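Throughout, read-outs are computed from the coordinates displayed, never taken from laboratory work. Not measured: the values here are computed from a predicted model. Every residue, glycine as well, gets a Cβ built from its backbone with ideal geometry; the counts of neighbours run over all protein chains shown.
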Amino acid sequence: MAADEALPVLGADGCRGGGWVIAMIDGEGELSWHWADDTGELLALADEYTADAIALDVPIGLPALGGRRECDGLAAKRLGARRSSVFPAPPRAVLDCADYAAARVIWPSLSAQTFGLVPRIRQVDEVLRAAGRTVHDRVVECHPEAAFAAMAAGLVQLATKKSATGALQRLYLLEDAVGEIPPDVPPGAALDDALDAAACALVAHRWANGAAEVLGDEVDELGTPMRIVV
């Protein structure tokens, strides 16, 4: 990838235990791995490197109770057979629930897998709201599978990311976009999480350069954008 004035940028994917694996594309277009224990540390790292954009694999704007985000439906439609990788964002009211049982009272269709994301969604929501609305000029939500689908369009039918074939396909797509991928991901990060973070970094690069596609054009009840950037 050629150097660009809009770099560096960061892409981040959540890992088990609450941390973030981070892919940074620097001012020379080279990719490197980093780690943050929480969202505050992630944004501090972005400030340290004066990153122009940060793309996160986590819902940011949240629907009202009983509502759904347009961007989730658009992303699912785009992914077709892999639409199950798009989890509907929970309503904001769920963030106040202490456990799954309480959350199911508010949102009966809530899956345990989606509820498992709530602590991270809550943390991101709190950190971004504390930063002020202008943070959304720089921090965007993305979906790695949508990013990989865009990279693979017309080239290959992607296998599941948990398979060896799927991992290799995604690795080749990333190498074609940014060149060499560092082999040693941070401790605590699975390979598929790291590759997802790299896909997020490419989304951040496009966002910083005004070349990204935006799915959805809504705001939630707090004025937070509900969009998925590709």
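Details
- Sorting GLU213, GLU70, GLU48 from the fewest to the most surrounding beta carbons within 10 angstrom yields GLU48, GLU213, GLU70.
- Calculated FRET value between ALA102 and ARG133, using beta carbons and R₀ = 41 Å, to 0.05: 0.90
- Cα gyration tensor, the chain - rounded (a/c under 1.5), prolate or oblate: prolate
- Loop-located GluC sites (Glu not before Pro) in the stretch 141-210 whose Cβ has at most 10 other Cβ within 10 Å (DSSP): GLU180
- The chain: calculated mean residue ellipticity at 222 nm from DSSP helix runs of at least 4, using -39500 (n - 2.57): -11500 deg cm²/dmol
- Cβ-based exposure ranking for TRP35, TRP20, TRP207, in which fewest neighbours within 10 Å come first: TRP35, TRP207, TRP20
- Computed label-point distance, nm, for sites ALA64 and SER109 using a 7 Å Cα→Cβ extension: 1.8
- Counting DSSP beta bridges with both ends in the chain, the antiparallel % (nearest 5): 65
- Per-residue Karplus couplings for the stretch 165-178, computed as 6.51 cos²θ - 1.76 cosθ + 1.60 with θ equal to phi - 60°, are listed in order as 4, x, 5, 5, 4, 5, 5, 5, 5, 5, 5, 5, 7, 10 Hz, Gly and Pro entered as x.
- Other residues with beta-carbon under 12 Å from the beta-carbon of GLY216 carry, at +1 per Lys or Arg and -1 per Asp or Glu, a net charge of -2.
- The stretch 142-148 - phi-based ³J(HN,Hα) in whole Hz, Karplus 6.51/-1.76/1.60, Gly and Pro as x: 9, 10, x, 5, 5, 5, 5
- Loop-located trypsin sites (Lys or Arg not before Pro) in the stretch 32-89 (DSSP state not H, G, I, E or B) with no more than 14 neighbouring Cβ atoms inside 10 Å: ARG68.
- Between 0 and 90°, nearest 10: helix 191-208 axis offset from the chain longest Cα axis: 90
- From the alpha carbon centroid of the stretch 52-103 to that of the stretch 160-230 is 17 Å.
- With distances taken between every two different alpha-carbon atoms, the stretch 55-167 has a Kirkwood hydrodynamic radius of 15.5 Å.
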